[in-house]
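Let me begin by presenting the structure, written as structure tokens, before commenting on it.
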Amino acid sequence: MQKAGLVESPKRAHFNITKRGQSILSEKLTCIDGAVLKRFPEFIEFQTVAKKTENTLIKNIENGISQKESPEEAIEFAYERLKDETGSELLSSIKKCSPDFFEHVVIDLLIAMGYGGSRKDAGEAMGKSGDGGIDGIIKEDKLGLDVIYLQAKRWENTVPVKEIRDFTGALASKKAKKGIFITTSNFPKGAYDFVNQVEYKIILIDGIMLTNLMFEYSLEVTTENSYHVKSIDSDYFIED
């Protein structure tokens, strides 16, 4: 129900019913099952990630890996599964927040990746919105030797190729050569084909890539446990 947006968890072990959940209760259903939850795109997206993990497990079994996998391989598989689940939760949380918060996330992520100079510079750059399809400008390096133009869209549906064309046109009007288009949804194949054909360097960051970067740079995630895989230091046992 949390994945479907019927309840929310403001903190660990605490749950609140949402307006969507109250709406479902008002229908006086005899039960809330998978058919009910599938009404909501967030739940379908969660199922897609879960199915991807399941397919990976089945593939491993077919290849005979899971039957003979080493402890290290088992840990790696579990890590990737937890990463996918965390990414799905991250994306769901971002979509529920305001556009201003999404802008805040974009700023923090780019700074964590080494762009933008100071946070003050980055914040001012992102604040210049609505300028001919440009949501913001951020320094490529701390010295500001070059700049990158940004477009940040908190969308649910696939981003139309037209949006990418408009962004490219905005870059041309600024005589810019580099841009980043970030969305919480995804891009069609045509969008990637388009950016590969134009003279501008445009990076498309969809929802999955966004959460992967947040995971990699520890943005809005915390480390709950840490496991160190150790092996014998063979050199220690070499006698002179």
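Of note:
- Here the Karplus curve 6.51 cos²θ - 1.76 cosθ + 1.60, taken at θ = phi - 60°, turns the phi angles of the range 148-164 into couplings of 10, 8, 10, 9, 10, 10, 8, 10, 9, 8, 4, 6, x, 4, 4, 4, 5 Hz, with x standing for Gly and Pro.
- Pairwise label distance in nanometres, SER26 with ASN196, each label 7 Å out on the Cα-Cβ vector: 4.8 nm
- Rounded if a/c under 1.5, otherwise prolate or oblate - the range 99-216, Cα gyration tensor axes: oblate
- Each label point was placed 7 Å from the Cα along the Cα-to-Cβ direction; for GLU224 and LYS19 their separation is 3.0 nm.
- Fewest-first sequence of MET214, MET113, MET1 by Cβ atoms within 10 Å of each Cβ: MET113, MET1, MET214
- Exposure proxy ranking, count of Cβ atoms within 10 Å, fewest first, for HIS228, HIS14: HIS228, HIS14
- Using bins of 10 Å that start at zero, the share of Cα-Cα pairs per bin across the range 175-240 amounts to 16, 28, 19, 14, 13, 8, 2, in whole %.
- Listed pairs LYS153/LYS175; LYS95/LYS178; LYS142/LYS189; LYS142/LYS230; LYS95/LYS230 exceeding 30 Å between Cα atoms: LYS142/LYS189; LYS142/LYS230; LYS95/LYS230
- Annotation: amide H-H contacts under 5 Å for GLY136 (H modelled 1.01 Å from N, sequence separation of 5 or more, or interchain): LEU150.
- Rounded to the nearest 20 debye, dipole of the range 99-216 from Cβ charges on Lys, Arg, Asp, Glu: 280 debye
Any read-out appearing in this document is the output of simple, stated calculations on the displayed coordinates, not a laboratory observation. Here the structure is a predicted model, which is why all the values come from computation and not from measurement. So basically every Cβ, Gly included, is an ideal-geometry build from the backbone, and we count neighbours across all protein chains shown.
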